[in-house]
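The values are calculated or read from the model by the stated rules, or taken from the named source; none is laboratory data. Keep in mind it's a predicted model, so treat the numbers as computed, not measured. All Cβ positions, even for glycine, are placed from backbone atoms using ideal geometry, and neighbour counts span all protein chains on display. Surface accessibility is based on the protein's heavy atoms, side chains included, excluding ligands, DNA and RNA. Shrake-Rupley method; radii C 1.70, N 1.55, O 1.52, S 1.80 Å.
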Amino acid sequence: MDTFLDQLEACVPALRRYARALTRSADLADDLVQDCLERAISRRGLFRPSGPVRAWLFTILLNLHRNALRASHRRGETVDFDTIPEPSTPAPQPGHIALAEMARAIESLPLEQKEALLLVTLEGLAYGEAAEILKIPLGTLMSRLGRARSALRTLTGTPAEPHLRTVK
């Protein structure tokens with residue numbers, strides 16, 4: 001079996017998670033992952049095995065997402081009528097409200113902060129690998145993460161982590 005295709009296949013769940021978090025739509029995420037895999041297979045000769053194929057795939061996916069965002073800004077925003085809630089819909093449970101609030105807060109972050117935060121927190125990538133995917137220095141990644149976390153605390157009304165105190 002082709003090890004390149006095996007490596008691609010192993011990365012699909014992570015690519016789908018990241019695409020879903022970026023697009024906030026299962027359909028758009030599936031399209032994005034499919035485009036990413038098609039691009040990776042068709043440009044397989046460009047892959048230089050100096051690093052993991054996973055980082056290369058995330059870079060492709062991120063570039064495709066950014067291109068799609070630029071194109072959608074030119075076209076304007078469309079609204080899916082199925083996503084508009086009915087006025088008489090009862091309020092969801094408190095846990096759902098907190099999750100929805102966090103999702104809205106993440107969505108409101110600047111794109112650079114959102115991309116960094118999702119790679120590190122959702123995908124669990126090491127800082128160095130996330131910085132490589134985003135093609136930024138490690139310090140810049142850490143700065144973006146710090147600003148994103150601070151903005152999320154402000155947007156959700158969550159206090160900063162308390163300092164640990166010793167009990168006597």
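Projecting the Cα atoms of Ser108, Gly76, Ile97 onto the charge dipole of the chain, computed from C-beta unit charges around the Cα centre, puts Ser108 farthest toward the positive end. Mind checking the log10 I(q)/I(0) for the chain at q = 0.16, 0.17, 0.18 Å⁻¹? Debye, one equal scatterer per Cα, no solvent, two decimals. For the chain, the Cα-only Debye profile gives -1.06, -1.16, -1.25.
With the helix formula -39500 (n - 2.57) applied to DSSP H stretches of n ≥ 4, the chain reaches a computed 222 nm mean residue ellipticity of -21500 deg cm²/dmol. If the segment from Ala26 to Glu107 were pulled out straight at 0.36 nm per residue, it would be longer than the present Cα-Cα gap by 27.6 nm. Accessible surface calculations at 1.4 Å, restricted to protein heavy atoms, place the chain at 68 Å² per residue. Remark: relative contact order (the range 1-78) = 31 percent; criterion is Cα-Cα distance under 8 angstrom and separation of 6 or more residues.
Taking the Cα centre of the chain as origin, work out the dipole magnitude from +1 charges on Lys and Arg Cβ and -1 charges on Asp and Glu Cβ, in debye rounded to 20.
Working: 22 positive and 20 negative charges, 167 e Å.
Once rounded to the nearest 20, the dipole reads 800 debye.
Computed from the C-beta positions of Ser150 and Leu5, the FRET efficiency with R₀ = 35 Å rounds to 0.25.
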